[in-house]
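**Q** Okay, handing you the structure first.
Readers should treat all values here as calculations from the given coordinates under stated rules, not as data from a laboratory. Not measured: the values here are computed from a predicted model. All Cβ positions, glycine included, derive from the backbone under ideal geometry; neighbour counts span all protein chains shown.
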Amino acid sequence: MKKTILFIALLLALGTLSAQEVSSRAKAMRMLTYAKPEYMVKDIKVLADTMIVYSLADYVIYPIGKWENVEQYITNTQLQWYREVGYKHYFDSMSVSVNTLRRLDDSYIDMYRAITTGRVEMIAGKITDPEVVLDNGVHVGMTKDEVFRVVFKRFPKSYVADIAVLKVISGAGEVGEVYTFKGNKLRHIGIVSKYKYY
């Protein structure tokens, strides 16, 4: 009798554990329902400790805002930037005139003015300085919950507890931001791009 009761208790415990485990796809589908409408989220993927959000919002394509030239951005931030101007090679060996803005902590943003859009476009970036604030309000030092609340109206805390990297990528996958967390704090913002420059 004791063995039967022990066996039933073990089966119930295993059943409870497996019921609590939610698949990555189920998490992604549920998080999709919580996305803010202004982010126009089209898909979400959860891969181990990384969540990838595919968005059609301008925040993704223009993380520092829409500017006609670099000087407008520098003036608007009212931060001390160290500016480097030069040519860099990207992907298809074309040379592009690039402005690199740097901060003392070695944060940087590489950008160029696109002929097609007439706006400043992002090529790359690494931000560790908390004074640099993206157009959506995100900055280094925010808590994980604060960063997720920028994109989502609400969310189950257990769904983001294991997330160490949040990638918010444009619908075509050409440009995006990579938010890296250490513990509960945002430690690093990366700007990534796969644009072809013509």
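**Q** Report the convex hull volume per residue for the stretch 63-139, counting only C-alpha atoms, in Å³. Spell out each step's value before the answer.
**A** Numbers: hull volume 7.3 nm³, N = 77.
Looking at the stretch 63-139, the number lands at 95 Å³ per residue.
**Q** Here's a follow-up. Using the Cβ atoms and a cut-off under 15 Å, what net charge is assigned to the surroundings of ARG103, where Lys and Arg are +1 and Asp and Glu are -1?
**A** Values: positive: ARG83, ARG102, LYS126; negative: GLU84, ASP105, ASP106, ASP110, ASP129, GLU131.
Result for the local shell: -3.
**Q** Over the Cα atoms of the stretch 78-189, each weighted equally, I'd like the Debye log10 I(q)/I(0) at q = 0.15, 0.19, 0.20 Å⁻¹, rounded to two decimals.
**A** -0.76, -1.09, -1.16
**Q** Going 7 Å from the Cα of ASP58 along its beta-carbon direction, which residues of the stretch 118-157 have the amide nitrogen within less than 20 Å of the resulting point?
**A** Hits in the stretch 118-157 for ASP58 at 20 Å: 118-123, 133-139, 150-152.
**Q** While we're here: Can you bin the stretch 121-162 into rounded, prolate or oblate? Criterion: square roots of the alpha carbon gyration tensor eigenvalues sorted a ≥ b ≥ c, rounded for a/c under 1.5, prolate for a/b above b/c, oblate for the rest.
**A** Values: a/c = 2.22, a/b = 1.98, b/c = 1.12.
Verdict is prolate for the stretch 121-162.
**Q** Which residues in the stretch 149-190 have a backbone N closer than 18 Å to a point placed 7 Å from the Cα of LEU32 along the Cα-to-Cβ line?
**A** The answer is 151-156, 159-160, 167-173, whose backbone nitrogens lie closer than 18 Å to the label point.
**Q** Just add up the charged neighbours of SER193: K/R +1, D/E -1, any other residue whose Cβ is under 9 Å from the Cβ of SER193. Display every interim value, and only then the final one.
**A** Details: positive: LYS194; negative: ASP110, GLU121, GLU174.
Result for the local shell: -2.
**Q** Report, in debye and to the nearest 20, how large the dipole of the stretch 69-141 comes out about its Cα centre when Lys and Arg carry +1 and Asp and Glu carry -1 on their Cβ. Before the final figure, lay out the partial values.
**A** Details: 7 positive and 10 negative charges, 31 e Å.
Approximately 140 debye in magnitude.
**Q** Sticking with this one: Taking N as the number of residues in the stretch 146-189, what is its Cα Rg relative to 2.2 N^0.38 Å?
**A** Numbers: Rg = 11.1 Å, N = 44, 2.2 N^0.38 = 9.3 Å.
Normalised by 2.2 N^0.38 Å, the Cα Rg of the stretch 146-189 equals 1.20.
**Q** Also, I was wondering about something else. Using 7 Å Cα-to-Cβ label points, what is the ARG25/SER158 separation (nm, one decimal)?
**A** The modelled label-to-label distance comes out at 2.1 nm.
**Q** Please go through the stretch 50-123 and write out the chymotrypsin sites (Phe, Trp or Tyr not before Pro) that DSSP classes as loop and that have at most 13 other C-beta atoms within 10 Å. Write out the running numbers ahead of the final one.
**A** Numbers: sites: TYR54, TYR59, TRP67, TYR73, TRP81, TYR82, TYR87, TYR90, PHE91, TYR108, TYR112; in loops: TRP67, TRP81, PHE91.
Sparse-neighbourhood loop chymotrypsin sites (Phe, Trp or Tyr not before Pro): PHE91.
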